[in-house]
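**Q** This is the structure, below, for whatever I ask next.
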Amino acid sequence: MKITNTGSSDDFEEVDDVLDGINLTHAERSRIEDRTAGLLALDACLKSLRVAAGVRQTDVARAMDVTKSAVSQLEARGMLDAKLSTLTRYFAGLGYQIEITLTPIDA
């Protein structure tokens, strides 16, 4: 599996180049590649959710009381670097609320 930077995140270099210098089992490398693909997908997630909801960046910006440019930058950075308070306001602009559930590990 070859994963390359999609341009949505500057945090990832081409995964194969990074992993080539590390002695990993096939299973370890596969898990890393799968996780990386998931993280890259999260980076594109915000814009995809907004588009699917039929909401314009301008409308989200107005709801968040920020500029359209700030929304664009948030979508480009993705969820991994965003504060929970920022994501809460972003999703509220899409008509959603974030709910967090704590479950005991021993349950």
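**Q** Just the residues that are surrounded by fewer than 17 Cβ atoms within 10 Å (Cβ to Cβ), aliphatic (A, V, I, L, M) and part of a loop (DSSP other than H, G, I, E, B), please, taken from segment 40-67.
**A** Residue satisfying the conditions is 55 alone.
**Q** Right, here's the next one. How about segment 68-93: which of its residues are buried (at least 17 other Cβ atoms within 10 Å of the Cβ) and of a type in the set (Asp, Glu)?
**A** The answer is 75, and nothing else.
Condition check ((1) more than 12 Å from the chain's Cα centre (by Cα); (2) at pLDDT 85 or above) across all residues:
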{"position": "7", "(1), (2)": "yes, no"}
{"position": "21", "(1), (2)": "yes, no"}
{"position": "24", "(1), (2)": "yes, no"}
{"position": "38", "(1), (2)": "no, no"}
{"position": "65", "(1), (2)": "yes, yes"}
{"position": "69", "(1), (2)": "yes, yes"}
{"position": "77", "(1), (2)": "no, no"}
{"position": "95", "(1), (2)": "yes, yes"}
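**Q** Here are the criteria: (1) over 27 Å from residue 82 (Cβ atoms); (2) at pLDDT below 55. Tell me which single one residue 29 does not satisfy.
**A** Looking at each condition in turn, residue 29 falls short on (2).
The values are calculated or read from the model by the stated rules, or taken from the named source; none is laboratory data. Keep in mind it's a predicted model, so treat the numbers as computed, not measured. As a convention, Cβ positions derive from the backbone with ideal geometry for all residues, glycine included, and neighbour counts pool all protein chains shown.
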